[in-house]
Protein chains: 2
Amino acid sequence: MSKAAVRNPDATRQNILQVAFEEILLKGYQGLRVDEVLNKTGFTKGAFYHHFKSKKELGHAVIDEVLKPWIHERWIEPLKQVKDPINDLIKMMNDSRAEINIKELHTGCPLNNLTHEMSPLDESFRVRIVAIWEIWYEALAETFERGQQTGQIRKDVNPHNIARFLIATIEGIIGQCKCYMSDQAFDEAGKCLQEYVKTLRA
Amino acid sequence: MSKAAVRNPDATRQNILQVAFEEILLKGYQGLRVDEVLNKTGFTKGAFYHHFKSKKELGHAVIDEVLKPWIHERWIEPLKQVKDPINDLIKMMNDSRAEINIKELHTGCPLNNLTHEMSPLDESFRVRIVAIWEIWYEALAETFERGQQTGQIRKDVNPHNIARFLIATIEGIIGQCKCYMSDQAFDEAGKCLQEYVKTLRA
DNA sequence: GAATTGACAGACTAGTTGGTCTGTAGTTAA
DNA sequence: TTAACTACAGACCAACTAGTCTGTCAATTC
């Protein structure tokens, strides 16, 4: 009875999910300790296993209820608003860089982090994470298709191929920054990336 | 006395290192179990802790004595032999693709795997892994510099920037293949990558 | 307002895991 | 030959960790 004089189960769940997400980013799913989440949230085993059947189900919930909405807010929604694909995308990539610098360089891209550590561990993780990549991939491809229709993007390029290429490159660059704990890779590769994107202009 | 009627300490160490490396690729360093390595090699705790002070030191040895030589053999040496940067690099990337298909798609790039999981865990891991990236990075940049001197590569591009860009892109593509467990990403993004590389021709 | 259900608290457990320690057989040097 | 050292074998341990179980108080229902 040390906590929760007034009850709020939704807030409890969200609290646990958020802390678990941060722990996974720092230490990975395998390095995530249920006890540590409970320490940081102030809840107990009783609360945790009331909301989650197991650690694995917590992993599922983190992917579906934290990571997925984050990608939506960070990439999918902005992509829908794009009017000038070339310039807007360059701007979004620069925003991405700024965001990386803010929350410490060693964190990297959350989606890519979970991809590399969690997806090989269990098929249930992998399918959930792939679903998120697909959403991003399709949203990017659609952005290029719209650009082709409005005559802003060359019509001889394949929107899906470009989408996959850009996603791969962005993640690769962020991965380098993460390991080097420096944004030098962003300076170097970013220049090439911007030049490449500009070649797509009609 | 169930094993090693005849002794060969070097082979013992290499055996442990190789199995540990494969285990890390499959389950990550945190998922690596000393006992499992001993099961698969047939050795015991006594042997293990005679050769390695701790699990962490095993991690160091895997990076320095398995991963690093692998990169040397797979990338550094071939890069030294490059006569025609554009065509040879495209060939090397296709080789890389073939290799990925052979040892199951979910494995991904060893260097990138260890980068994402191990480098955030401990600074001693990170500095060792960064050192390997640097070797690859410099070897690639030097290849482009040679290409510029021989007039095969445009002189208005920065060799180091291209090197970083290519490394990031290659790793990003392999990462996508790993998560999707499909080489579709290689088909899609690979086309863009090849086109980009060709634009570097003088 | 009594009863049922939901949302926790917290002690406890069983299985795992990195690491230790003692013993012993092969190897090498004198 | 023998003493000293190397390269293991394998039992053992302490710490950790996901998960359980019983109890309790708040919230909802009737």
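Rg(Cα) of segment A:1-52 divided by 2.2 N^0.38 Å?
On the way: Rg = 11.0 Å, N = 52, 2.2 N^0.38 = 9.9 Å.
Computed over Cα atoms of segment A:1-52, the ratio equals 1.11.
Ignore the peptide's own chain and count Cβ atoms of other chains within 10 Å of each Cβ in A:138-149; give me the average, rounded.
For this peptide, the per-residue mean of nearby foreign Cβ atoms is 0.
By average Cβ neighbour count within 10 Å, what is the ranking of A:148-155, A:172-179 from highest down?
Peptide ranking by packing, descending: A:172-179, A:148-155.
Using the alpha-carbon atoms, what tilt in degrees (0 to 90, nearest 10) does helix B:159-180 show relative to the longest principal axis of chain B?
Long axis of B:159-180 versus the principal axis of chain B: about 60 degrees.
May I ask you to derive the FRET efficiency for A:Asp84 and B:Asp35 from their Cβ-Cβ distance with R0 = 56 Å, giving the value to the nearest 0.05?
0.45
Eigenvalues of the Cα gyration tensor times 5, then square-rooted: what semi-axes does that give for segment A:93-155, in whole angstrom, largest first?
Numbers: eigenvalues 157, 79, 7 Å².
Result for segment A:93-155: semi-axes of 28, 20, 6 Å.
Taking A:Lys83 as the anchor, which aspartates and glutamates have their alpha carbon closer than 19 Å to its alpha carbon, excluding any fewer than eight residues away along the same chain?
Qualifying aspartates and glutamates at Cα under 19 Å: A:Glu73, A:Asp95, A:Glu138, A:Glu142, A:Glu145.
Put one equal scatterer on each alpha carbon of the protein assembly as shown, apply the Debye formula with no solvent term, and list log10 I(q)/I(0) at q = 0.12, 0.13 1/Å to two decimals.
-1.01, -1.15
Can you give me the relative contact order of segment B:1-52 as a percent, contacts being Cα pairs under 8 Å and 6 or more apart?
36
If you count, for each residue, the other Cβ atoms within 10 Å and average over each peptide, how do B:135-141, A:76-82 line up from highest to lowest?
B:135-141, A:76-82
Rounded to the nearest 500 deg cm²/dmol, what is the calculated helix-only ellipticity per residue at 222 nm for chain B, with -39500 (n - 2.57) per DSSP H run of length n ≥ 4?
That calculation yields -22000 deg cm²/dmol at 222 nm.
Calculate how steeply helix B:85-102 sits against the longest principal axis of the alpha-carbon atoms of chain B, using the helix alpha-carbon long axis, and give the answer as 0 to 90 degrees to the nearest 10.
That helix lies at roughly 40 degrees to the long axis.
Which number comes out as Rg/Rh for segment B:53-109 once both Rg and the Kirkwood Rh are worked out on C-alpha atoms?
1.11
What percent does the relative contact order of chain B come to when contacts are Cα pairs within less than 8 Å and at least six residues apart?
Relative contact order of chain B: 22 percent.
If R₀ is 22 angstrom, what is the calculated FRET efficiency for the pair B:Lys191 and B:Asn158, using the beta carbon separation as r and rounding to 0.05?
FRET efficiency, B:Lys191 to B:Asn158: 0.35.
Strictly over 20 Å apart at the Cα level, which of A:Lys91/A:Lys155; A:Lys27/A:Lys103; A:Lys103/A:Lys178; A:Lys27/A:Lys53 would you flag in this model?
Over 20 Å apart, Cα to Cα: A:Lys91/A:Lys155; A:Lys27/A:Lys53.
When averaged across all projection directions, what area in nm² does the alpha-carbon convex hull of chain B cover?
12.4
Angle between the Cα long axis of helix B:123-149 and the longest principal axis of chain B, 0 to 90 degrees, nearest 10?
Rounded to the nearest ten degrees, it is 30.
Relative to the other copies, what are the label-point distances for A:Glu65, with labels 7 Å from Cα along the C-beta vector, expressed in nm at one decimal and sorted shortest first?
Relative to the other copies, A:Glu65 has label-point distances of 4.6 nm.
Using the 7 Å Cα-to-Cβ label point, sort the distances from A:Met181 to its equivalents in the other copies shortest first and give them in nm to one decimal.
Ordered by increasing distance: 3.6 nm.
Any idea what the B:Gly46 label distances to the other copies are, label 7 Å down the Cα→Cβ vector, nm, shortest first?
In nanometres, ordered from closest: 5.1.
Computed from the coordinates by the stated procedures, all read-outs in this text should not be read as laboratory data. Just so we're clear, the structure is a prediction, and the values are computed from it rather than from any experiment. Here Cβ is always computed from backbone atoms with ideal geometry, including for glycine, and neighbour counts include all displayed protein chains.
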